[in-house]
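Have a look at the structure below, then the notes.
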Amino acid sequence: MLKLFALLLFFSVTAMAQQVDGITDGFELQAQAEKVTQIVSTAQLKTMLDEELDMILVDIRTTEEIHNMDGRIDAPQNVHIPRGWLEFRIQRVALKKDIPIVVYCGGGLRSPLAAKTLQDMGYTHVKNYADGFFGWKKAGLPVKP
């Protein structure tokens, strides 16, 4: 009887965990974030960095990732705020809610989530650079250690 109860409890908890607010996993959460976040291409980001000096480019990768991937995008607007600290540190660099912000990671998995978080926090001009550092580097654009 105890085994049956444990088995039923396991299945009910598992079912609840799989369907929290209709989200079954991180990839579904990412897909939903991408639906509400504007994406910029590598060419668009290059133009923005050349023309919009007041924008903020937020690298959300970990310090270890930056080191292991041989750097980050070389732009004066680039700031490093790891994804786990974004909600707590963004206000240090984005002093106004309407400042243009572009978020990137290595390859576009976490950046839509970060962009959506910033939108949820009230930032109104947030974009996702989905190609990420890998796309920037592959295009032969400037990087710095």
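Starting from segment 23-46, take each residue that is over 16 Å from Phe134 (Cβ atoms) and list its partners that are assigned to a strand (DSSP E or B) and not polar (S, T, N, Q), counting only C-beta distances under 6 angstrom and pairs at least six apart or across chains.
Filtered contacts from segment 23-46: Leu29/Ile23; Gln38/Lys127.
Can you tell me how many residues within segment 21-55 are at pLDDT below 95, farther than 20 Å from Glu87 by Cα, part of a helix (DSSP H, G or I) and of a type in the set (A, V, I, L, M, F, W, C)?
Number of matching residues: 2.
Could you figure out which of (1) small (Gly, Ala, Ser); (2) under 15 Å from the mean Cα position of the chain (by Cα); (3) crowded, with 16+ Cβ neighbours inside 10 Å isn't true of Ala75?
Among (1) small (Gly, Ala, Ser); (2) under 15 Å from the mean Cα position of the chain (by Cα); (3) crowded, with 16+ Cβ neighbours inside 10 Å, Ala75 violates only (2).
Within segment 127-142, identify whether any single residue is modelled with pLDDT of 95 or more and more than 15 Å from Ala43 (Cα to Cα), and answer yes or no.
No: zero hits.
When segment 97-112 is examined, which residues are found to be touching a Ser or Thr at 6+ places or on another chain (Cβ under 9 Å) and of a type in the set (Gly, Ala, Ser)?
Ser111
Which ones in segment 123-145 are surrounded by 15 or more Cβ atoms within 10 Å (Cβ to Cβ), outside any helix (DSSP H, G or I) and more than 10 Å from the chain's Cα centre (by Cα)?
Within segment 123-145, the first condition is being surrounded by 15 or more Cβ atoms within 10 Å (Cβ to Cβ), and the residues that meet it are 123, 125-133, 135-137, 141, 143.
With outside any helix (DSSP H, G or I) added as a condition, the list becomes 123, 125-131, 141, 143.
Of everything in segment 123-145, those that are surrounded by 15 or more Cβ atoms within 10 Å (Cβ to Cβ), outside any helix (DSSP H, G or I) and more than 10 Å from the chain's Cα centre (by Cα) turn out to be Tyr123, His125, Val126, Asp131, Leu141, Val143.
Please specify each residue of segment 56-90 satisfying the condition of being over 15 Å from Ala115 (Cβ atoms), part of a loop (DSSP other than H, G, I, E, B) and touching a strand residue (DSSP E or B) at 6+ places or on another chain (Cβ under 8 Å).
Hits for segment 56-90 are Asp70, Gly71, Asp74, Ala75, Gln77.
Filter segment 94-122 down to the residues that are touching a His at 6+ places or on another chain (Cβ under 8 Å) and part of a loop (DSSP other than H, G, I, E, B), then identify the one that is nearest to Gln38 (Cα to Cα).
For segment 94-122, the residue satisfying everything is Pro100.
The values are calculated or read from the model by the stated rules, or taken from the named source; none is laboratory data. Predicted, not measured: the structure shown is a model, and the values here were computed from it. Positions of Cβ are backbone-derived with ideal geometry, glycine not excepted, and every protein chain shown enters the neighbour counts.
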